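A short write-up of the structure that comes next.
The values are calculated or read from the model by the stated rules, or taken from the named source; none is laboratory data. Not measured: the values here are computed from a predicted model. Cβ atoms come from the backbone with ideal geometry, glycine included; neighbour counts cover every protein chain shown.
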Amino acid sequence: MAQEASSSTSSKTISLKTGDGEIFEIEASAAKQMKTVQRLIDDLGDDITIPLHNVFSKELPKIIEYYKKDITGEITKDFEAEFVKDLNDDEVKVLFLAANYLDANKLFEFLSQNIADRLESKSVEYVRKYFGVENDFTPEEESKLREERAWSFRGIKEDE
Amino acid sequence: MVVIMQEQQEAVEFHDLPEGCIENVLSFTTPRDVARLSLVSSTFRSAAQSDSVWDKFLPSDYRSIISQCDEEIDNSLYVLSKKDLYVNLTQKPILIDDGKKSFQLDKVDGKKCYMLSARSLFIVWGDTPRYWKWISVPDSRFSQVAELVSVCWFEIRGWINTSMLSPNTLYGVYLVFKASTSRTYGFEYQPCEASILIAGGGGDPVVERNVFLDAERGRRLRYQIVPRRRTGIFSRYLEPPPPPQVEQTESVDDLQKYPKERTDGWLEMELGEYFNEGGDDKEVEISVCEVKGGGWKGGLVLQGIEIRPKPKSC
């Protein structure tokens, strides 16, 4: 069994390996905030490189950046605004899914709010495209639903 | 330990998105968005029904509020899903505090609304049947309403604690009443003084305004706000000039001083507004009085004082 030695002699940092084979270091206290990672550490030990099959090198650094701030108690509204400012919709989605996979609650809640904000008052079709979801209602079901919820469509620009 | 390398794939497709994730995003939107987005797909529709979403829209203290109502109602509400409970509370008020108040949620964003029953208010001379009578009417939510027979000294006060209100909300305060079967009199020309203040605050009232509790006058004023034709002596119109109007100096803004009709058949007079920040425990005192003119007034039936959020567009 190959063991990757962590770079420091104390067990303060954990090595994480992404699905595309890159390795990142994270402090143990930050790793604790991601329940999936912590469970893996509990099972495999903290000297092992923890494999994260569903998280990739594009997004993991951003997640690590968030939790680095979290453990120093420095997460502010300004930081969070800055954190998502330059992210496009796809990037936010990827981070959101990763946070879900990692069971990183604080980030997950924050991104849920951010996505909700991005979808505010958007049309049903827009939301379908955003999530890459197919409309699986029959035309009858859909028109019945629309009728029942007519009040909720007032003032919404439906872009179909 | 064998590390299994997955094929480099595009980020997990969203239709693999667990329903729990959708629920979480929905819980950060609004009841209206949730209702609308239930049309996105069947998974969204399912997520839109979930208790975890609607639990977030219900006020955090809803359990303790509901437990203050009649046991039978409490039990019937208890078995509902959170969504049905929310919808129920937006559609119909429940009586709490021994029938002294009613509670409801505002349909748009679930904020708390209350009506203080006439019985819970401080009404000067309220216990003297010559001046005020207590009666039951079928279209009131409370078991009793107060009928003003006749008084000189008209003074009504009510209180509500800010901890009961939703945070970060602008509330409007309304006197809910109607004309009794005998004619309303004494309120047409003499305004009442309405005020909202923090009890014990020692500071200035939050709001103070003059209001006329005369619906007839308000109705007449409303119908007068039409473009006026010139009716001077050089008028070329053949019809006689319109009859002289009582309130020639009043304008649309003054409509604020008169009662409006409610959808439940009662009238309401806006007494003022109060912005509740939240997180504190202050008594808001609401009062409406006419004690300076000395004239006799009567012919009103008072249901209570309603406190509800003002729509954001106002």
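Here residue A:89 fits the description: out of contact with any Ser or Thr (no Cβ under 9 Å at 6 or more places or on another chain) and acidic (Asp, Glu).
Apart from one condition, residue B:184 fits all of (1) crowded, with 20+ Cβ neighbours inside 10 Å; (2) farther than 20 Å from residue B:100 by Cβ; (3) under 18 Å from the mean Cα position of the chain (by Cα); the exception is (3). The residues of the stretch A:71-92 that are modelled with pLDDT under 90 and surrounded by 14 or more Cβ atoms within 10 Å (Cβ to Cβ), listed by number, are A:71, A:75. Within the stretch A:104-116, residues that are buried (at least 20 other Cβ atoms within 10 Å of the Cβ) reach partners that are in a helix (DSSP H, G or I) and of a type in the set (Ser, Thr, Tyr) with beta carbons closer than 6 Å, at six or more positions or on different chains, in the pairs A:107/A:66.
Scanning the stretch B:259-280 for residues that are assigned to a loop (DSSP other than H, G, I, E, B), over 12 Å from residue B:303 (Cβ atoms) and touching a residue at least 40 places away in the same chain (Cβ under 8 Å) gives B:259, B:277, B:278, B:279, B:280. The single condition from (1) at the interface with another protein chain (Cβ under 7 Å from one of its Cβ atoms); (2) within 28 Å of the chain's Cα centre (by Cα) that residue A:98 fails is (1).
Residues are listed down the side, and each one gets a yes or a no for (1) of a type in the set (A, V, I, L, M); (2) in the same structural domain as residue B:53 (by TED's automatic domain parsing); (3) buried (at least 16 other Cβ atoms within 10 Å of the Cβ):
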residue	(1), (2), (3)
B:75	no, no, no
B:80	yes, no, no
B:98	no, no, no
B:134	no, no, no
B:147	no, no, yes
B:163	no, no, no
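Selection of first residues in the stretch A:23-46 that are among the acidic types (Asp, Glu) and of second residues that are surrounded by 15 or more Cβ atoms within 10 Å (Cβ to Cβ) and part of a strand (DSSP E or B), restricted to Cβ pairs under 7 Å at least 6 apart or on distinct chains, gives the following pairs, ordered by first then second residue: A:25/A:13; A:25/A:15; A:27/A:13; A:46/A:14. Note on the stretch A:126-153: among residues that are more than 9 Å from every other protein chain (Cβ to nearest Cβ) and under 21 Å from residue B:32 (Cα atoms), the one that is surrounded by the most Cβ atoms within 10 Å (Cβ to Cβ) is A:126. The residue list B:232, B:295 contains one member that is surrounded by 12 or more Cβ atoms within 10 Å (Cβ to Cβ) and either modelled with pLDDT of 90 or more or over 24 Å from residue B:311 (Cβ atoms) (or both), which is B:295.
One line per residue, one yes/no per condition, for (1) farther than 30 Å from residue A:51 by Cα; (2) more than 8 Å from chain A (Cβ to nearest Cβ); (3) at pLDDT 85 or above:
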position	(1), (2), (3)
B:2	no, yes, no
B:6	no, no, no
B:12	no, no, no
B:33	yes, no, yes
B:40	yes, no, yes
B:75	yes, yes, no
B:90	yes, yes, yes
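Residues that are part of a helix (DSSP H, G or I) and basic (Lys, Arg) within the stretch A:91-136 comprise A:93, A:106, A:118, A:128, A:129, listed in sequence order. Among the residues of the stretch B:105-119, some residue qualifies, meaning at least one is out of contact with any Gly (no Cβ under 8 Å at 6 or more places or on another chain), part of a loop (DSSP other than H, G, I, E, B), of a type in the set (Lys, Arg) and crowded, with 18+ Cβ neighbours inside 10 Å.
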